[in-house]
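Since the structure comes first, as structure tokens, the remarks are kept for the end.
The values are calculated or read from the model by the stated rules, or taken from the named source; none is laboratory data. Predicted model, so just to flag it, every value in this text is computed and none were measured. Backbone-built Cβ (ideal geometry, glycine too); neighbour counts: all protein chains shown. Note: areas computed on protein heavy atoms with side chains; ligands, DNA, RNA excluded. Shrake-Rupley method; radii C 1.70, N 1.55, O 1.52, S 1.80 Å.
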Amino acid sequence: MTTGGDVPHLPATLVGRLERLIFTHRTAILVLFALGTVLLGATAVHGLRIDTSFNKTLPLRHEYMRTYLDPRVAEFRGANRVLVALIARDGNMFTPQFFAAMRRATDEIIVMDGIDRTQVQSIFTPNVRYLEVVEQGIEAGNVVPADFTPTPEHLAQVRDNIRKAGIIGRLVANDFSGALVSAIVLDTDAQGRPVDPIRVAHELESRVRKPLEGNGIDVHIIGFAMVVGAIADGAGSVLLFAIITVVLTLLAVRVYCQSWRVAFVPVLCSAIAVVWQLGALVLLRFGIDPIGLLVPFLIFAIGVSHGVQKISAVSDAAFAGLGSMEAARRTFRQLLAPAIVALLADLVGFVTILLIPVQVIREMAITASIGVGIVILTDLVLLPVLVSYVHFDPGYHARVARRQHWLARVWHRLAGVTRRGPALVVIVLAAVLGVLGWWKGRDTAIGDTQAGVPELRADSRYNRDNDVITSKFSIGVDLLTAIVDSQQPVCVSHELMTWADRFGWHMRNIPGVQEVITLPFIARIAAAGWNEGSLKWRSIPREQSQLTQSTRYIETSTGLLNENCDVVPVLMFLTDHRAGTITRAVGAVKRWRSANPVAGAQVRLAAGNVGVMAATNETVEAKQLLILVGVFAAVIAMCLLTFHSVVGTVVVVLPLALVSVLVYAVMALVGIGIKVSTLPMVALGAGIGVDYGIYLFSRMEEFLHEGLPVRVSYERTLRVTGASIIVTGITLAIGVATWVFSPLKFQADIGIMLTFMFLVNMLAAIVLLPALAAWLIHPEGLRTARAA
């Protein structure tokens with residue numbers, strides 16, 4: 001039979017040795033932790049950096065990314081594009097002021113570090129040309145002539161050139177109210193160093209938007225670099241809400257512990273774990289990605305969750321009359337095994353995320369795993385040592401007694417859930433919620449659920465810029481590029497040109513595809529131009545010389561073909577990058593290429609930023625179930641090793657499974673998609689959520705093995721650890737609930753998810769776990785299982 005002071009799941013000799021090692025070297029441990037905190041803190045302050053790279057977001061093993069990274073496709077990738085739109089407030093771009101601003105914007109972007117100068121396009125760049133057939137032959141030239149001056153005659157000429165160049169909707173607004181500068185951000189600079197998109201965003205703000213906005217002109221900028229820059233600029237709000245969370249946590253723990261000294265210990269240990277984690281990242285030459293800014297808080301939350309359990313046990317021991325040293329040592333013995341199992345469950349939750357082959361997620365997983373490893377040290381070593389130095393004031397016993405007296409009535413009533421009638425009601429209700437959650441959870445989108453950038457608020461500067469550009473132009477940055485890859489030059493093959501033309505026409509008629517641009521479309525226009533502009537001739541010529549003539553003046557700088565014309569991109573500009581829009585467009589490409597095979601050529605997916613998003617969404621969809629299965633398999637294995645009971649494992653894991661199902665339903669209800677930033681939280685929530693059940697059942701099991709009925713065992717468990725579980729759940733939920741007010745939408749979304757998981761995991765452990773125990777466990781059966 002197990003007593004409250006024994007540890008049934010670890011060898012007593014091992015526990016005894018660890019206890020003596022830690023508590024006989026308290027001063028040395030405190031000195032080491034103090035030195036480590038100072039050194040790692042200084043390292044973090046001076047060396048921690050925001051680490052952003054577009055390539056880190058690529059699922060490199062995916063089929064689409066093999067196309068994207070193919071050297072033959074390099075000039076057509078176009079995923080890391082920025083668009084700078086200048087819009088005349090009076091709706092007329094043909095003014096000297098507008099053209100002066102447009103010229104300056106183009107010049108500034110061309111000379112900007114990190115920009116591919118060869119692919120900058122605007123009405124002022126020489127790679128944007130018009131072509132027409134006149135009586136004397138072919139006439140071609142730059143849209144804005146080299147001798148341009150902003151006179152009425154030249155402005156009228158430029159208007160005509162814009163029409164002849166076919167750039168309305170692409171580089172010039174459909175209503176002639178503004179124009180675009182399109183540019184590609186390089187992955188690496190001339191020295192081979194990664195280009196920092198945050199720096200690019202800040203330069204666009206300081207060198208283009210700031211000096212040009214005003215005087216009747218508005219400047220709107222969108223693209224990946226601007227998104228990262230906006231998120232990085234919002235990092236201050238993450239720090240602010242982190243401070244708010246720490247303060248709220250300290251206040252809540254103080255209310256529960258009835259002592260500032262005691263409350264300060266778990267909060268301090270958790271903060272130290274975060275400092276060590278950030279310092280360790282610098283030593284490992286890691287940065288922190290904007291999407292991973294919230295990982296340190298998760299480490300803090302894990303530390304507080306486990307720390308409050310320890311403090312609760314210490315308070316219980318102090319209330320029983322033990323001194324601080326004896327209370328700390330007893331708590332160490334009692335909670336060592338469940339703490340190790342629970343922390344390993346947390347660690348497994350992070351490690352399973354490594355299954356997603358996207359560098360930014362893997363770095364997040366490594367960062368979090370380092371943090372959990374440090375929490376193991378602070379929770380199992382530093383916290384007991386600090387508590388052993390805490391001296392309880394004379395009124396502490398009386399305050400705890402009043403709290404215990406008031407809570408005793410609450411625990412007695414709550415223990416009623418272990419009666420078979422109420423327990424059956426709880427189980428049936430949980431089953432109904434599980435079915436409804438599963439049904440609604442099927443609607444959870446894989447990817448983004450909103451237009452614009454869902455990581456930012458709808459009224460953010462970026463999303464307002466995006467709305468203006470997509471309303472004024474026929475294109476945006478949401479580009480899906482399919483590659484026509486041929487064994488022979490496409491330009492001289494009527495069959496291949498017609499095949500690519502039919503493909504482009506098919507995609508132009510897919511809902512969600514705003515515009516399609518490809519070589520055959522331009523060739524048809526050129527063919528008509530060679531025949532006095534007659535629409536009857538706007539087709540792909542069958543005669544070899546005419547076909548060659550129709551593509552002769554289309555240069556590689558247009559981005560519509562490579563030098564050998566054996567790689568021809570089909571550029572599809574989508575209305576947005578919602579999950580449904582991407583799935584529909586990609587599905588249409590796959591169905592068309594399957595139904596229309598041609599010898600010697602193929603349509604390959606995919607380049608463009610939407611191609612990257614499609615690959616990421618498909619990778620997340622393929623891995624999400626595997627990750628959850630991995631988390632639950634590991635949790636089940638650890639529970640079996642800990643409790644040596646299948647029934648005990650079931651009562652811990654089932655509430656966790658219910659919450660995981662309900663999380664998907666909540667995501668579907670509030671419009672949060674499963675993507676790079678949210679899938680890790682679902683997995684981590686499962687790892688963190690199991691802590692409640694492990695701590696609760698480990699205590700309840702001790703009382704059951706004393707031969708006590710389930711109801712009495714549960715009521716005594718609530719008196720020891722129930723309050724700490726409830727306080728932990730509520731405290732952490734209140735802390736992350738404040739994130740709803742963050743200017744960063746992705747932080748608000750994760751705040752909603754974590755608030756739900758912290759609260760509902762706590763409620764499931766407090767209500768559903770004992771209800772299951774009432775029907776599945778009795779003292780003799782559990783004792784028999786343990787003996788076996």
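For first residues located in the range 691-706 and farther than 17 Å from residue 635 by Cβ, partners that are basic (Lys, Arg) and lie 6+ apart or on another chain with Cβ distances below 6 Å form the pairs 703/716; 705/783. Summed over the range 387-404, the residues that are open to solvent by 40 Å² or more (accessible area, probe 1.4 Å) and modelled with pLDDT of 85 or more give a count of 1. Taking the stated definitions as given, is residue 481 at pLDDT 90 or above, touching a Gly at 6+ places or on another chain (Cβ under 8 Å) and either of a type in the set (D, E, K, R) or surrounded by 19 or more Cβ atoms within 10 Å (Cβ to Cβ) (or both)? Spelling it out, residue 481 is indeed at pLDDT 90 or above, touching a Gly at 6+ places or on another chain (Cβ under 8 Å) and either of a type in the set (D, E, K, R) or surrounded by 19 or more Cβ atoms within 10 Å (Cβ to Cβ) (or both).
A quick yes/no check of all residues on (1) surrounded by 18 or more Cβ atoms within 10 Å (Cβ to Cβ); (2) assigned to a strand (DSSP E or B); (3) without any contact (Cβ under 8 Å) to a residue 24 or more places away in the chain; (4) among the aromatic types (Phe, Trp, Tyr):
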site	(1), (2), (3), (4)
150	no, no, no, no
157	no, no, yes, no
160	no, no, yes, no
176	no, no, no, yes
183	yes, yes, no, no
199	no, no, no, no
202	no, no, no, no
206	no, no, yes, no
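Give 240, 268, 248 a once-over and let me know the one that is open to solvent by 20 Å² or more (accessible area, probe 1.4 Å), hydrophobic (A, V, I, L, M, F, W, C) and without any contact (Cβ under 8 Å) to a residue 40 or more places away in the chain.
Values: 268 fails: without any contact (Cβ under 8 Å) to a residue 40 or more places away in the chain; 248 fails: without any contact (Cβ under 8 Å) to a residue 40 or more places away in the chain.
Going through 240, 268, 248 in turn, just one is open to solvent by 20 Å² or more (accessible area, probe 1.4 Å), hydrophobic (A, V, I, L, M, F, W, C) and without any contact (Cβ under 8 Å) to a residue 40 or more places away in the chain: 240.
Got a number for residues in the range 79-120 being among the small types (Gly, Ala, Ser) and in contact with a Ser or Thr (Cβ under 6 Å, 6 or more places away or on another chain)? If you could, list the steps in order and put the result at the bottom.
In the first step, residues of the range 79-120 are kept if they are among the small types (Gly, Ala, Ser); the result is 79, 85, 88, 91, 100-101, 105, 114.
Next, from what is left, pick out any that are in contact with a Ser or Thr (Cβ under 6 Å, 6 or more places away or on another chain): 88, 91.
Adding up the residues that qualify gives 2.
Of all residues in the range 127-135, one or more are among the acidic types (Asp, Glu), surrounded by fewer than 18 Cβ atoms within 10 Å (Cβ to Cβ) and assigned to a strand (DSSP E or B).
Condition (residue is under 22 Å from the mean Cα position of the chain (by Cα) and open to solvent by 10 Å² or more (accessible area, probe 1.4 Å)) applied to the range 649-661: is it met by at least one residue? Can you show your working first?
Step one: list which residues in the range 649-661 are under 22 Å from the mean Cα position of the chain (by Cα), which gives 659-661.
Remaining after also requiring open to solvent by 10 Å² or more (accessible area, probe 1.4 Å): 660-661.
Yes, there is a match, as at least one residue in the range 649-661 is under 22 Å from the mean Cα position of the chain (by Cα) and open to solvent by 10 Å² or more (accessible area, probe 1.4 Å).
Of all the criteria given as (1) open to solvent by 20 Å² or more (accessible area, probe 1.4 Å); (2) in contact with a Ser or Thr (Cβ under 7 Å, 6 or more places away or on another chain), the one not satisfied by residue 581 is (1).
I'd like to know if the range 272-279 contains one or more residues that are outside any helix (DSSP H, G or I), within 30 Å of residue 742 (Cβ to Cβ) and open to solvent by 10 Å² or more (accessible area, probe 1.4 Å). Lay out the reasoning, then the answer.
Quick first cut of the range 272-279, residues outside any helix (DSSP H, G or I) only: none.
The answer is no, given that none of the residues of the range 272-279 is outside any helix (DSSP H, G or I), within 30 Å of residue 742 (Cβ to Cβ) and open to solvent by 10 Å² or more (accessible area, probe 1.4 Å).
Selection over the range 419-469 of residues that are in a helix (DSSP H, G or I) and touching a strand residue (DSSP E or B) at 6+ places or on another chain (Cβ under 7 Å) gives a count of 6.
Do you know which residues across the range 280-299 are assigned to a helix (DSSP H, G or I) and either open to solvent by 10 Å² or more (accessible area, probe 1.4 Å) or in contact with a strand residue (DSSP E or B) (Cβ under 6 Å, 6 or more places away or on another chain) (or both)?
Restricting attention to the range 280-299, the residues satisfying the condition of being assigned to a helix (DSSP H, G or I) are 280-283, 290-299.
Across the range 280-299, the qualifying residues are 280, 282, 283, 291, 293, 296, 297.
Can you say whether residue 447 is on the phi > 0 side of the Ramachandran plot, out of contact with any Phe, Trp or Tyr (no Cβ under 8 Å at 6 or more places or on another chain) and of a type outside the set (A, V, I, L, M, F, W, C), as far as the supplied structure shows? So residue 447 fits the description; yes. Being surrounded by fewer than 18 Cβ atoms within 10 Å (Cβ to Cβ) and either among the hydroxyl-bearing types (Ser, Thr, Tyr) or part of a helix (DSSP H, G or I) (or both) is true of residue 38.
Given the structure, is residue 255 surrounded by fewer than 19 Cβ atoms within 10 Å (Cβ to Cβ) and more than 29 Å from residue 198 (Cα to Cα)? When the stated conditions are applied, residue 255 passes them. Of everything in the range 742-769, what is open to solvent by less than 10 Å² (accessible area, probe 1.4 Å), assigned to a helix (DSSP H, G or I) and farther than 14 Å from residue 656 by Cβ? Give them in sequence order. Within the range 742-769, 746, 747, 748, 750, 751, 753, 754 meet the criteria.
In summary, residue 376 fulfils each of the numbered conditions (1) within 28 Å of the chain's Cα centre (by Cα); (2) of a type in the set (A, V, I, L, M, F, W, C); (3) crowded, with 21+ Cβ neighbours inside 10 Å with the single exception of condition (3).
Can you name the residue in the range 497-523 that is in a helix (DSSP H, G or I) and open to solvent by 50 Å² or more (accessible area, probe 1.4 Å) and, of all such residues, is farthest from residue 480 (Cα to Cα)?
So, considering only residues that are in a helix (DSSP H, G or I) and open to solvent by 50 Å² or more (accessible area, probe 1.4 Å), the one farthest from residue 480 (Cα to Cα) is 522.
For the condition open to solvent by 20 Å² or more (accessible area, probe 1.4 Å), modelled with pLDDT of 80 or more and small (Gly, Ala, Ser), what is the one hit in 534, 539? None of the other options fit; the residue is 539.
Quick grid of which residues meet (1) open to solvent by less than 40 Å² (accessible area, probe 1.4 Å); (2) in a helix (DSSP H, G or I); (3) more than 24 Å from residue 363 (Cα to Cα):
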{"site": "28", "(1), (2), (3)": "no, yes, yes"}
{"site": "34", "(1), (2), (3)": "no, yes, yes"}
{"site": "56", "(1), (2), (3)": "yes, yes, no"}
{"site": "61", "(1), (2), (3)": "no, no, no"}
{"site": "66", "(1), (2), (3)": "no, yes, no"}
{"site": "72", "(1), (2), (3)": "no, yes, yes"}
{"site": "75", "(1), (2), (3)": "no, yes, yes"}
{"site": "79", "(1), (2), (3)": "yes, no, no"}
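Of all residues in the range 620-647, those satisfying the criterion of being at pLDDT below 85, buried (at least 17 other Cβ atoms within 10 Å of the Cβ) and either touching a Ser or Thr at 6+ places or on another chain (Cβ under 9 Å) or assigned to a helix (DSSP H, G or I) (or both) are 623, 624, 627, 628, 630, 631, 634, 635, 638, 639, 642, 643. Within the range 545-575, if we keep just the residues that are in a loop (DSSP other than H, G, I, E, B) and polar (S, T, N, Q), the residue that is farthest from residue 483 (Cα to Cα) turns out to be 575.
Listed by first and then second residue, the pairs linking a residue in the range 419-430 that is modelled with pLDDT under 90 to a residue that is in a helix (DSSP H, G or I), with Cβ atoms under 6 Å apart and 6 or more places separating them unless they lie on different chains, are 420/774.
Could we say that residue 659 is closer than 28 Å to residue 775 by Cβ and assigned to a helix (DSSP H, G or I) here? Outline the logic, then answer.
On the way: closer than 28 Å to residue 775 by Cβ: yes; assigned to a helix (DSSP H, G or I): yes.
Answer is yes for this residue.
The residues of the range 319-359 that are within 30 Å of residue 64 (Cα to Cα), outside any helix (DSSP H, G or I) and open to solvent by 10 Å² or more (accessible area, probe 1.4 Å) amount to a single one, 357.
Each residue in the range 487-496 was checked for being open to solvent by less than 10 Å² (accessible area, probe 1.4 Å) and either modelled with pLDDT of 90 or more or more than 18 Å from residue 596 (Cβ to Cβ) (or both), and 1 pass. Taken over the range 724-737, the criterion of being closer than 16 Å to residue 693 by Cα and open to solvent by 10 Å² or more (accessible area, probe 1.4 Å) is satisfied by 726, 727, 730.
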